[in-house]
Amino acid sequence: MNPNTLVPEYIHRIAPYQPGKPISDVARELGMHEADIIKLASNENPLGPSPKAVAAIERAIADLALYPDGGGFALKEVIVRRFGVAMDQVILGNGSNDILELVARTFLCPGTSAVYSQHAFAVYPLATTAVGATGIEVPARDYGNDLDALLAAVRADTRVVFLANPNNPTGTFVDGDAIKDFARRVPENVLVVMDEAYMEYLSPEHAYDSAPWLAEFPNLIISRTLSKAYGLAGLRVGFGLASKDIVALMNRVRQPFNVNHLAMVAAAAALEDTEFIERGRRVNAEGLAYLSAAFAQRGIAYIPPFGNFITFRINNAKAVFESLLRQGVIVRPIAGYGLPDWLRVSVGTAAQNTRFIASLDQALA
Ligand SMILES: *Cc1c(COP(=O)(O)O)cnc(C)c1O
């Protein structure tokens, strides 16, 4: 029996997601202590989780024998208050990856297409290919979303445009006004998925609130995550905001208990912890300033960053990545994103950032 002959041909075309290397892998492979290794590879929060989320989990542990609330009422209530949408405009996800996949599984199939940028988040092509739809990759402009080109790439069979702002892995940003104008110009029978994973890190001058646009554009889907600024990547929780009709369709495909109980109580608490988000933004801004200056001083090119990471160009990126690993610093190679001469480093604590730069100097020496 050859299982390869049993799957649709598009399953063979999927390039599996390459996650950041876990600390435990590096410790095992290089014989190091986990405590001596820092991971700046997955844009995780160096401050850890919101303490309010941790306290909420401690209170909820006694309920673990029960199924979670499949409707996610308590968490949705917090989201509704925060974003000014109705309960039936919210869908919860096992990470925002789940939201992106639900979009694909609900709206895409063989014979349809999805549009996204070159150097965009790997999950867009993955989710598209996994349901047999065609991915249309549009050349980037200055490593980021080229809105005019994305619009021009929309075809008659296009159902979805995926758009991350800020973008990962390149960290580029497009002004909120331009994004809104884009939403206005996309044909109304094409969904626009605005992936706002790094929204909380935008400075007040760049920050924008897209939730009110839902009233204007019924084809909009906003995706948010608790994995980055809220520090809950290990729990897997995110959510989508859209029209009630879109949410109802996605709910048909959603697993009944797709978000676990601890993730929901932690997310509800974290969303209320504005102080934690403020501190995270401040620490991140300081880290970005430090790292940008350090790259500039060394003549290392980098893409102006808007998230909680910086993408920089380096000769022999693979060798530098491996040298950093041997020094206990995990960063992210992004050759798989069409950027073989670049590495991506997540902003850490001040001490982690300093250690990364010292290790980079060592790697380049
Ligand atoms: C990190 C990230 C996400 C978040 O994924 P989760 O499944 O919520 O952890 C989504 N989109 C982009 C662009 C990201 O970088």
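The values are calculated or read from the model by the stated rules, or taken from the named source; none is laboratory data. Because the structure is predicted, anything quoted here is derived from the model rather than measured. Note that each Cβ is placed from the backbone with ideal geometry, even for glycine, and that neighbours are counted across all protein chains shown. For accessibility, only protein heavy atoms count, side chains too; no ligands or nucleic acids. Shrake-Rupley method; radii C 1.70, N 1.55, O 1.52, S 1.80 Å.
Below, the figures for the structure above:
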| read-out | value |
| --- | --- |
| Mean residue ellipticity (222 nm) of the chain, computed from DSSP H runs ≥ 4 via -39,500 (n - 2.57), nearest 500 | -11500 deg cm²/dmol |
| Fully extended contour minus Cα-Cα distance, from residue 151 to residue 286, at 0.36 nm per residue | 45.0 nm |
| Exposure rank, largest accessible area first [275, 196; 1.4 Å] | 275, 196 |
| 20 Å Cα-Cα reach of residue 76 towards lysines, excluding residues that sit fewer than 8 places from it in its own chain | 52, 228, 244 |
| Accessible area of residue 52 in the full protein assembly, 1.4 Å probe (Å², nearest 10) | 100 |
| Considering only the chain, percent of DSSP beta bridges that pair antiparallel, nearest 5 | 50 |
| Cut-off under 5 Å, modelled amide H: who pairs with residue 136 long-range | 114, 115, 116 |
| Potential extension, residue 17-residue 54 segment - 0.36 nm per residue separation minus Cα distance | 10.4 nm |
| Stokes-Einstein D (µm²/s) once Rh is taken as the Kirkwood radius of the chain over alpha-carbon pairs, at 10 °C in 1.306 mPa s | 75 |
| Aspartates and glutamates with Cα under 14 Å of residue 39, excluding same-chain neighbours fewer than 8 positions away | 25, 322 |
| Segment 21-119: translational diffusion in µm²/s, Stokes-Einstein, Kirkwood Rh over Cα pairs, 25 °C, 0.890 mPa s | 136 |
| Heavy atoms of residue 194: accessible area, 1.4 Å probe, square angstrom to 10 | 10 |
| 1.4 Å probe accessible area per residue over the chain, in Å² | 45 |
| Segment 64-81-segment 166-216 distance, computed between alpha-carbon centres (Å) | 27 |
| Vicinal HN-Hα couplings computed from phi for segment 273-285 (Karplus, 6.51 cos²θ - 1.76 cosθ + 1.60; Hz; Gly/Pro x) | 8, 5, 5, 5, 5, 4, 4, x, 5, 5, 4, 5, 5 |
| Mean-position separation - Cα centroids, segment 87-110 and segment 232-277, in angstrom | 11 |
| Convex hull volume per residue in cubic angstrom - Cα atoms of segment 132-236 | 125 |
| Long-range amide H partners of residue 43 with built H, under 5 Å | 346 |
| Note, ³J(HN,Hα) from phi for segment 230-235, Karplus 6.51, -1.76, 1.60, rounded to Hz, x at Gly and Pro | 7, x, 10, 4, x, 7 |
| Peptides ranked, highest mean first, by Cβ atoms within 10 Å: ranges 67-76, 11-20 | 67-76, 11-20 |
| Residue-by-residue Karplus 3J(HN,Hα) for segment 256-266, coefficients 6.51, -1.76, 1.60, Hz, glycine and proline x | x, 10, 6, 10, 7, 4, 5, 4, 5, 5, 5 |
| Cα centroid separation - segment 295-364 against segment 136-153, whole Å | 26 |
| Protection proxy ranking, peptides 232-240, 213-221, average beta carbon neighbours within 10 Å, highest first | 232-240, 213-221 |
